[in-house]
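Working notes, beginning with the structure itself.
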Amino acid sequence: MKKSHPIRRTLLATAATVSGIVLLLSLKPASDPAGSVQAGAAGGAPSAQGGVVAGAQTLTGTAVQTDYGPVQVRITVDGGKITQADAVQKPSGGRSTQISDTAIPKLNQAAVAAGNADIDAVSGATYTSDGYKKSLQSALDQAGKAQGSGGQGSGAQTLTGTTVQTDYGPVQVRITVDGGKITQADAVQKPSGGRSTQISDTAIPKLNQAAVAAGSADIDAVSGATYTSDGYKQSLQSALDQAGKTQGSGGETSGGGAEAGGSQDAGGGAADSGAGKSTGTQVLTGSAVKTDYGPVQVRITVTDGRITNAEALQQPSGGRSTQISGTAIPKLNQNAVAAGSADIDAVSGATYTSEGYKKSVQSALDQAG
């Protein structure tokens, strides 16, 4: 058998190796690594965004009066969970300050951990705990309302009105609105103690029925319960203001589309105008803030993100307080509109009223988001 020449074998081996390398380089990978990374990034973004569309909401609950002072809670809700809780107002002075400083941090932690208002009272702070839970629930009601309005504006909304102080105690109303109608009404707070309990037990059910029947706050006072009736109507109106705000933000594009008919140009114009009005006008009622001279509660109108009107629903009154309020409130209203925020100067001689006014404005602006 004839042996191959060593040089020829070397050349053949080299040629085979080169051919193999060329063949490998000419083959296209089954999956392109760069393409896979890009596709993964593009596919992952929408799902990540989808989970945080709602974003974080800062919601301020109503100010709940307790035997030792008001309690008002502000929470941050992100992705349907409470991520932060704090007390904007809490009982203070003497022993109350010590109790609040111990109880409030525990209640804040419990609210975040539970994610709802179903939390245990802190031992030795029963009244503060109860007020905290009520204010927390009213803040959560706002969060539920906002989420419910995302895609199904016709769904049921639970709305809690502001706490209205009367000569016989606070009145606060919670309503359920479904399809634009009041389907349920109840008093979260009502005057109690002695004769007041008997009057409330008679008047409140009648006021609840009247609210559902009328579908508004334009209801008659119950005979013998004038103060309670007036407080009920004010709180009911503030709850309805919140419902109006949510409905007003829904937009009115369907009407424009119908009138546009088959014209694409007209349809485009309607869509543009609808987008421009998406913010709309909101009427927002702030919480009732207790001061040393009486409660202050502010209602503002916000149009396209700007305060266009401000007025005090409640203000200190009686004796010298009436005169001070009559001078200070109009100035504070003007300042709120001019500044577009709660960062306004106090009116000289009306420090307490000014401070309460600013807190109430801020709580109203928190609702506007």
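The values are calculated or read from the model by the stated rules, or taken from the named source; none is laboratory data. The model shown is predicted, which means the values in this text are computed figures rather than measured ones. With ideal geometry, Cβ positions are generated from the backbone for all residues, glycine too; neighbour counts draw on all protein chains shown. All accessible areas refer to the heavy atoms of the entire protein, side chains included, with ligands and DNA or RNA removed. Shrake-Rupley method; radii C 1.70, N 1.55, O 1.52, S 1.80 Å.
Determine if the range 173-191 includes at least one residue that is surrounded by fewer than 18 Cβ atoms within 10 Å (Cβ to Cβ), assigned to a helix (DSSP H, G or I) and small (Gly, Ala, Ser). Taking every residue of the range 173-191 in turn, none turns out to be surrounded by fewer than 18 Cβ atoms within 10 Å (Cβ to Cβ), assigned to a helix (DSSP H, G or I) and small (Gly, Ala, Ser). When each of Arg306, Arg320 is tested for being among the basic types (Lys, Arg), modelled with pLDDT under 90, surrounded by fewer than 21 Cβ atoms within 10 Å (Cβ to Cβ) and in contact with a Gly (Cβ under 7 Å, 6 or more places away or on another chain), the lone residue that passes is Arg306. Gln157 meets all of the listed conditions (1) under 27 Å from Ala111 (Cβ atoms); (2) buried (at least 22 other Cβ atoms within 10 Å of the Cβ); (3) modelled with pLDDT of 85 or more but one, namely (3).
When only residues in the range 215-227 that are without any contact (Cβ under 8 Å) to a residue 60 or more places away in the chain and open to solvent by 90 Å² or more (accessible area, probe 1.4 Å) count, which is nearest to Thr163 (Cα to Cα)? The selected residue is Thr226.
In the range 58-91, the qualifying residues are those that are small (Gly, Ala, Ser) and assigned to a strand (DSSP E or B), and the one that is modelled with the lowest pLDDT is Gly69.
Residues checked against (1) open to solvent by 60 Å² or more (accessible area, probe 1.4 Å); (2) within 27 Å of Ala239 (Cβ to Cβ); (3) modelled with pLDDT of 90 or more; (4) of a type in the set (Ser, Thr, Tyr):
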{"position": "Gly269", "(1), (2), (3), (4)": "no, no, no, no"}
{"position": "Val283", "(1), (2), (3), (4)": "no, yes, no, no"}
{"position": "Ser287", "(1), (2), (3), (4)": "no, yes, no, yes"}
{"position": "Gly294", "(1), (2), (3), (4)": "no, yes, no, no"}
{"position": "Val302", "(1), (2), (3), (4)": "no, yes, no, no"}
{"position": "Ala328", "(1), (2), (3), (4)": "no, no, yes, no"}
{"position": "Leu332", "(1), (2), (3), (4)": "no, yes, yes, no"}
{"position": "Ala336", "(1), (2), (3), (4)": "no, yes, yes, no"}
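Of the residues making up the range 192-214, those that are in a loop (DSSP other than H, G, I, E, B) and touching a residue at least 12 places away in the same chain (Cβ under 8 Å) are Ser192, Gly193.
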